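The structure appears right after this line, and notes come after that.
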Amino acid sequence: MTRPDPVESALTAARPKAIAALLRHFRDLDLAEEAFQEACLRALKTWPEKGAPRDPTAWLIFVGRNVAVDALRRSRRLASLPDEDQLSDLDDAEAAVVRQIDEADYRDDILRLLFVCCHPDLPAEHQVALALRVVSGLSVRQIARAFLVGESAMEQRITRAKGRIARSGVAFEAPSAIERTERLAAVAAMLYLLYNEGYTTAAEPEGRVLAEEAIRLIRLLIRLFPSEPEIMGLAAVMMLGHARAAARADADGRPIPLDAQDRSRWNRSLIAEGLALLDKALRHRRPGPYQIQAAIAALHARAPSVEATDWAEIELLYGALERFEPSPVVRLNRAVAVARCRGPAAALELIAPLESELGGYFYFHGTRGTFLMELGRSAEAQTAFGRAIALARNANEAAHIRSKLDQLMAEAAHPEK
Amino acid sequence: MYYAILCYHSEQVVCSWSQEEDDAVLGRLAVVHEQLARDGRLGPVVRLLPTTSATTLRKDSDPPLVLDGPFAETKEQLLGFYVVDCDDLDGALTVARDLARANPGGAYEIRPISIFRPGAVAP
């Protein structure tokens, strides 16, 4: 039976804050992790007997700090700290720590911890892997599975990333307001990546873990920075997208496109939360790309079917997104909305100039083929689908296009339909 | 007498439950709810969205100030509430104990209700 273990969930919940505080104390990622690990071992030993402390996070920070300092001293043959029995009896000491560490400290600590993982020298995938290991505490094995690589390769990747960070040093002084904004933006981008990584593999349980972890961390960020509309917007993007996870793939893991999804399988509670956050964000009247993407996702979430979706509004929103972040991929998405509200000919015209930039992109040819098919230009559609299959990154993508080709053939065989 | 049972728990702990764990807790709670409903003692049952979705209107200034986030920053958060019909505090505590066995961790605050209008909002 999957009953949440109270000690395990308390440790998981406390991890980001505790590691962040220990990182500030030791200024060393490895030492902070070891200290936390050691504190968890003691918690597993004493909490079930004595009951969990009133503030588990403060307890873990306090014990982790003492244990690690003790280990450092022992290794230097200096006087040792009080032994474990005394350490476990922490009521007074704990209260003092609680007073010392308030939310304002946690805020910069956690931001620093996440920001450390976003080191610009690290490739994006390595940033995400490192955050999953250090901040979320996922095992190397879990992370390796999610990224579809071997365990030892992932171990190596994380070790290298840590080494890179240790060599470049971490800024420990309190950030200025501008630095804080920059860090927040970098962390948001990393969490978006983490979510996207989970989205593309959401059919697998490992993919779900990534998306759920991204949502857990963005909730943590909102608690620390409650008035940042773009952070609320990003949270809404994640929740509205992940709400569709159960409906997005069939039993064999093949993706189900939006127009064929069983909307009763969308997670209504997650949709409600995403819509609430978008609502809160828009009140600030400081629009940004995450909020616009959330607004698009919200129109899909609110619509009872693809036909009843407000595609004209979606077209406008993609237009707004293009003004923030001009990109051929956004234009391609806008074209999908255009096809729905103004027909495939207008959509085809819109994407015609993208050929040179997106010629190597699976989704471009698949979308173009669909427009051509809708216009009855079967031969051209067939060519486009052929190119899409050649560019497919996995069997599922290829299978999706093949089903379009089958449809094309069926229509050719029965033109009256 | 009507009692409110206010549910407090660490939101970060509850949010770190997996979907399966959450479903398991809700499943066990449903058993307690059904018994209460059969006895005709169960009023509204409310689970709130996380405090990250909260907005606070401070009405001690004019005009009132709208702030993002929950009213109080606490270690454990108000995550939901029940309204139950019980003879006395003992009865309400018995209900709370049953709920606690289904969903351990955190605390229930039992508050007698002064005014209760069930309203007409369909869930």
Exercise for the section: Would you confirm whether any residue within the stretch B:55-65 is open to solvent by 50 Å² or more (accessible area, probe 1.4 Å), more than 13 Å from every other protein chain (Cβ to nearest Cβ) and touching a residue at least 60 places away in the same chain (Cβ under 8 Å)? Expected result: no
Exercise for the section: Name every residue in the stretch A:270-290 that is open to solvent by less than 70 Å² (accessible area, probe 1.4 Å) and free of Cβ contacts under 8 Å to residues at least 24 places away in the same chain, in order of residue number. Expected result: A:272, A:276
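Give me the residue from the stretch A:253-275 that is assigned to a loop (DSSP other than H, G, I, E, B) and closer than 17 Å to residue A:208 by Cβ and, out of that set, nearest to the other protein chains (Cβ to nearest Cβ).
A:267
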Completion exercise
Of the conditions (1) within 10 Å of chain A (Cβ to nearest Cβ); (2) open to solvent by 50 Å² or more (accessible area, probe 1.4 Å), the single one that residue B:44 does not satisfy is (1)
Practice task
Confirm whether residue A:301 is on the phi < 0 side of the Ramachandran plot, at pLDDT 95 or above and open to solvent by less than 10 Å² (accessible area, probe 1.4 Å).
Solution key: yes
Practice task
Kindly provide the set of residues from the stretch A:320-337 that are closer than 20 Å to residue A:258 by Cβ and without any contact (Cβ under 8 Å) to a residue 24 or more places away in the chain, ordered by number.
Solution key: A:330, A:331, A:333, A:334
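The rows are residues; the columns are (1) part of a helix (DSSP H, G or I); (2) touching a Phe, Trp or Tyr at 6+ places or on another chain (Cβ under 9 Å).
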{"position": "A:22", "(1), (2)": "yes, yes"}
{"position": "A:32", "(1), (2)": "yes, yes"}
{"position": "A:41", "(1), (2)": "yes, no"}
{"position": "A:44", "(1), (2)": "yes, no"}
{"position": "A:52", "(1), (2)": "no, yes"}
{"position": "A:58", "(1), (2)": "yes, no"}
{"position": "A:62", "(1), (2)": "yes, no"}
Problem - Verdict on residue A:211 being within 30 Å of residue A:256 (Cβ to Cβ) and out of contact with any Gly (no Cβ under 6 Å at 6 or more places or on another chain) - result: no
Problem - Whichever residue in the stretch B:1-23 is more than 10 Å from chain A (Cβ to nearest Cβ) and of a type in the set (A, V, I, L, M) and, among such residues, is most open to solvent (accessible area, probe 1.4 Å) - result: B:1
Practice task
Taking the options A:395, A:346, A:384, name whichever one is within 26 Å of residue A:292 (Cβ to Cβ) and either modelled with pLDDT of 95 or more or under 30 Å from the mean Cα position of the chain (by Cα) (or both).
Solution key: A:346
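Can you tell me which residues in the stretch A:20-41 are away from chain B (no Cβ under 14 Å) and open to solvent by less than 50 Å² (accessible area, probe 1.4 Å)?
Within the stretch A:20-41, A:21, A:22, A:23, A:26, A:29, A:31, A:32, A:33, A:35, A:36, A:39, A:40 meet the criteria.
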Fill in the blank from the handout: By my count, helices (runs of 4 or more DSSP H) wholly in the stretch A:151-228 with at least 3 residues that are hydrophobic (A, V, I, L, M, F, W, C) and within 29 Å of residue A:255 (Cβ to Cβ) are A:177-200, A:205-224
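The values are calculated or read from the model by the stated rules, or taken from the named source; none is laboratory data. Just so we're clear, the structure is a prediction, and the values are computed from it rather than from any experiment. Quick reminder, even Gly has a Cβ in these numbers, built from the backbone with ideal geometry, and neighbours come from all protein chains shown. SASA here: full protein model, heavy atoms, side chains in, ligands and nucleic acids out. Shrake-Rupley method; radii C 1.70, N 1.55, O 1.52, S 1.80 Å.
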